[in-house]
Amino acid sequence: MGSSSNGAFRIVVGVDGSESAQAAMDWAVDEARLRNGRVVALSAWHYPYVSDALGQVWEYQGFEDDARAVLDQELERVGNRGAEVTGSLIEGNPASALVDASQQADLVVVGSHGRGGFTGMLLGSVSMQTVHHAHCPVLVVRGGPPATTVYET
């Protein structure tokens, strides 16, 4: 695990605009405030390499702009709650970006969409990959009623 150079507890949180990601961000900011730590809100985006069924080619810049807007909205939503919060916009696979960021973090916090018929039992693909490959502990937060699960790696 890697703390920042100033020794502050560093939390990386995945941001994608979903309810579960907002719950993860809220948890991360509250924890950072209690630990006099800091939060890095990470938003990852990637350009699809295929066109849609109608042959439409997607505009590259639009994907980055959308991800930046989501990150900016989330940073504005949490505002100043007594913890240092910064944003990081990364081009790439979200799970890979979180795993890479975990090398310099004390904790990674992600939301879980819990898709599928066994919603209560399954994690989303990004949270599952992060849990299995992160270099520090991972906390998975579900949107809705407060419920969290901590996975040690």
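Read-outs throughout are calculated quantities, based only on the coordinates presented, and are distinct from any laboratory measurement. What you see is a predicted model; the values in this text were computed from it and never measured. Quick reminder, even Gly has a Cβ in these numbers, built from the backbone with ideal geometry, and neighbours come from all protein chains shown.
Under the simplified labelling scheme, the Asn80-Asp30 pair shows an inter-label distance of 2.2 nm, with each label point 7 Å from Cα along Cα→Cβ. In order along the range 93-106, phi translates into HN-Hα couplings of 5, x, 5, 4, 5, 5, 4, 4, 5, 5, 5, 10, 10, 9 Hz, rounded to whole numbers, per the Karplus curve 6.51 cos²θ - 1.76 cosθ + 1.60 with θ = phi - 60° and x for Gly and Pro. The distance between label points at Gln104 and Ser88 comes to 0.5 nm (points 7 Å beyond Cα on the Cα→Cβ vector).
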